[in-house]
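First the structure, in the form of structure tokens, and then the observations on it.
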Amino acid sequence: MSDLQEVTDRRPNSDLEYSPSAMRLYGRRGAYFKGPQYNVRFTVDPAESDIALVYGYAYQGHCYTLPEPVFIVLPHGSQRPNNGGCGFGSDYDMWIVEKLDTTVQMQLNADTFEQAILIRNLPGARQPMSYAGKAAMLHRGGKLTE
């Protein structure tokens, strides 16, 4: 994954009140992923939250694009009309959220079963946190004191 890219020639539209802890997320509402042999649709309670595929965001007057879009669960009522802020046209949706609000990020990987299950779970390919429990048990032979 690459680093965030700041879009320097664009700025968020200033028609909304500024808040130092607010983030403006730009993306598309809905959670529908279609591949050559499958269709995936996420559903949430529409009275409580929305799911969006977020492509970029604005924070403290700067606009950023994400290296790859992410599915995010957003609180209901945070969606606002988008008038082309940060270079995202009116065909994109905009949400205003507080940076300390909780959310859920979902990651989709489309691959073969060999790649998705077998190769990703080989000892050298696992996430570093999966080794933490094993390392704690091996330390001093599993004893807490010497």
Please list, ordered by first then second residue, the pairs with beta carbon atoms under 7 Å, 6 or more apart or interchain, first in segment 48-65 and of a type in the set (S, T, N, Q), second surrounded by fewer than 19 Cβ atoms within 10 Å (Cβ to Cβ) and modelled with pLDDT under 85. Ser49/Pro75; Ser49/His76; Gln60/Pro20; Thr65/Gln5; Thr65/Val7
For segment 101-125, which residues satisfy the criterion of being assigned to a loop (DSSP other than H, G, I, E, B) and either of a type in the set (S, T, N, Q) or closer than 25 Å to Phe42 by Cα (or both)? Asp101, Thr102, Thr103, Val104, Gln107, Leu108, Asn109, Ala110, Asp111, Thr112
Would you check which residues across segment 35-77 are at pLDDT 85 or above and not in a strand (DSSP E or B) and list them? Gln60
Looking only at segment 132-145, decide whether some residue is modelled with pLDDT under 85, under 25 Å from the mean Cα position of the chain (by Cα) and of a type outside the set (A, V, I, L, M). no
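The values are calculated or read from the model by the stated rules, or taken from the named source; none is laboratory data. Just so it is clear, the structure is predicted and the values come from calculations on it, not from any experiment. All Cβ positions, even for glycine, are placed from backbone atoms using ideal geometry, and neighbour counts span all protein chains on display.
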